Amino acid sequence: WHPGRHVRRKMKRTHVEVSVVEAEKKAEYKFTFKPQSTTLAFEYQIVKEGEAPKDDPNAWRPAQGNTVTEFYPTDGTKDGRYEIYSRAKNQAGKIDKTPSKLAFTVDTKPPAGSVNLKTPESAVSEPKVTVVVDGTDELSNITSVSFSVDNKSFADECSFSKNKECLVTLPAANGFYV
């Protein structure tokens, strides 16, 4: 140690990753702060998109280790666009002045849409049929559509655009499919 000489080490910025798992009428958002460190603690704030984090130190919530799990109800009451801010804090209490930010969307409502046969017949004899798909989603964009005749196995994924024509393969067995 040298008197009058200070050693400063800049804290690395934190990064956030998110994964969503829906369980028991709530969506689970898991945020992992990186880099993992035994000498750093993490704090975070979640705000509506476009809002700045509060300067109040009490507004920052401590993370347990480097992971935070937040739950949102799946009834649509908390749907919207959010931002999570995270910052590192070292053992001396020094706080990262440049918190990391990640935007995320809570979207628990399924998209609305329709699938119609391209031809006006109500019955088809070929195993491959062309359908026209249309749909909307309030918060997220629909990027693709998958088809199922048993609501268990999905196939024939088709990229989505308004009034998109998609080719769907029906099972070889005769039947009425919705």
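Data table
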{"item": "Inter-site label distance for residue 81 and residue 140 at 7 Å from Cα along Cβ, in nm", "result": "1.6"}
{"item": "Cα→Cβ-extended label distance, 7 Å offset, between residue 95 and residue 150, nm", "result": "5.6"}
{"item": "Potential extension, residue 37-residue 59 segment - 0.36 nm per residue separation minus Cα distance", "result": "5.6 nm"}
{"item": "Neighbour net charge for residue 62 - beta-carbon separation under 13 angstrom, K R +1, D E -1", "result": "+2"}
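Read the figures in this text as sums done on the coordinates, not as results from a lab. This is a predicted model, so every value here is computed, not measured. With ideal geometry, Cβ positions are generated from the backbone for all residues, glycine too; neighbour counts draw on all protein chains shown.
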